[in-house]
Amino acid sequence: MSPNLTSPTRLLILGTGTMARAHADEFKKIQGVDIVAAVDTDSARLHEFTDKHGIPQAFTSLDAALEWGGFDAASNVTPDRIHHPTTMQLLAAGKHVLCEKPLADNYPHAAEMAQAAGQAGLVNMINLSYRNLASMQAARRIIESGDIGAVRHFEASYLQSWLAQPAWGDWKTDPTWLWRLSTKHGSLGVLGDVGIHILDYATHVTGQAPLGVSCRLKTFHKAPDDRIGEFVLDANDSFTMQLELRDGALGVIHATRLASGHLNDLRLRVWGDRGGLEVSLEQNVEHLRVCGSDDLQNPVWRDVAFSQTDTMYQRFAAALADGTAAQPDFKKGAELQELLDLAAKSDRENGRFLRPD
């Protein structure tokens, strides 16, 4: 892979909504990356963003930005359903891409993106932000080392509370939240929004690809006629899932936006035939503990120390600088999207167990 970049790397941010602020803040910290342009169809939001972050170029269309062409790579922070068409344009123009999750709104589109990026030899990466957790990476190394033996069972959860807890603000009046409840506005519900994170959390730490899935989704009644203004509130709010992994492990995964007392908490517990581990992010604090083979008699759970890891943004910048492949790449994003599609299909078929092709 040969990025053929200028030095420093010239970066464009596509989409200037809430998540774009994190992209701008993180990339500005990285030596060798210059944010040279931003794109948004909302001119007022665009110029507020470029003024705040000192970005010299502003475009109200991707076509205009591509005609200008003065950038090497793009950070795609558009809504979910816009990821596919905009990323395909960027790849066709020879631009390297970091894309927000989920990679696309369906598996065929995600697979097309992965294939196009691979054929073009471009750096491609999906922003699965919980890969930034040092505890998650340390947990994976423990399992790879064989310290807890062969993985047999696991349970994972992603708990949010913004539909039930006022600490997040009033979701009933804020489009920032309302769009996430409406399939018409491009939402895949809690399954697409946070389900992709907890699925990656479980499969990355265990090091096993999914063999099959069974899932049930639930959309709760939240407003008269299930509508607030232009927003039809039909996206799923909770899911429960059974997942079987390639090496035989069986586990359960669940996620919801109604877990009062949990603003944004993830937890994974894994049991092998010689021990177990638990890794979590709760109230923005990471935890990792292990009950190893020497501790089973009592049993004793011991806290495990871990060091910091590079962020997704740093790894994308490094891949651009040295031409190495970035991980997680679009291929991984497509694999996760296939799992999301199968989960939604399983729900339509009353929880039937489905396997990837």
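Values quoted throughout were computed directly from the atomic coordinates according to the rules given, and no laboratory measurement underlies them. Keep in mind the model is a prediction, meaning the values are calculated, not measured. Neighbour counts are summed over all protein chains in view; Cβ atoms, including those assigned to glycine, are modelled from backbone coordinates with ideal geometry.
Remarks
- For segment 140-179, backbone nitrogen atoms closer than 20 Å to the point 7 Å from LYS52 Cα along Cα-to-C-beta are found at 168-171, 173-179.
- Relative to its residue count, segment 192-308 spans a Cα convex hull of 150 Å³ per residue.
- 0 to 90° range, to nearest 10: angle between helix 83-92 axis and the chain longest Cα axis: 60
- Length gained when the stretch ASP63-ARG269 is fully extended (0.36 nm per residue, less Cα-Cα span): 69.5 nm
- DSSP beta bridge pairing in the chain, given as percent antiparallel to the nearest 5: 60
- For the chain, with +1 on Lys and Arg beta carbons and -1 on Asp and Glu, the positive-most of GLY192, MET113, ALA20 along the dipole: GLY192
- Extending 7 Å from Cα along the Cβ direction at ALA120 and again at GLN327 yields two label points whose distance is 2.4 nm.
- Prolate/oblate/rounded label for segment 243-357 (Cα gyration tensor, a/c 1.5): oblate
- Ranked for footprinting exposure by Cβ neighbours inside 10 Å, fewest first, CYS291, CYS99 give CYS291, CYS99.
- Residues within the reach of a label modelled at ALA22 (point 7 angstrom out along Cα to beta-carbon, backbone nitrogen below 19 Å), restricted to segment 99-115, are 99-105.
- In Å, descending, principal axis extents of the Cα set of segment 1-154: 54, 32, 29
- Distant-in-sequence amide contacts of ASP329, defined by a placed amide H-H separation under 5 Å and a gap of 5 or more residues or a different chain, comprise ILE126.
- Equivalent ellipsoid, segment 260-308 (semi-axes from 5 times Cα gyration tensor eigenvalues, Å): 23, 12, 9
- With Cα atoms defining each centre, segment 104-127 and segment 237-276 are spaced 27 Å apart in the structure.
- Largest-first ellipsoid semi-axes for the chain, taking √(5λ) over the Cα gyration tensor eigenvalues, angstrom: 33, 26, 20
- Helical mean residue ellipticity (222 nm; -39500 (n - 2.57) per DSSP H run of 4+; nearest 500) of the chain: -9500 deg cm²/dmol
- Distance in nm between pseudo-label sites at ARG348 and ARG227 (7 Å out along the Cβ direction from Cα): 2.4
- Residues with amide H under 5 Å from that of ILE13, placed H, sequence gap 5 or more: ALA37, ALA38, VAL39, SER75
- Listed residue (PRO79, SER182, PHE316) projecting farthest to the positive dipole end of the chain, Cβ model: SER182
- Angle of helix 134-145 to the longest C-alpha principal axis of the chain, folded into 0 to 90 degrees and rounded to 10: 50°.
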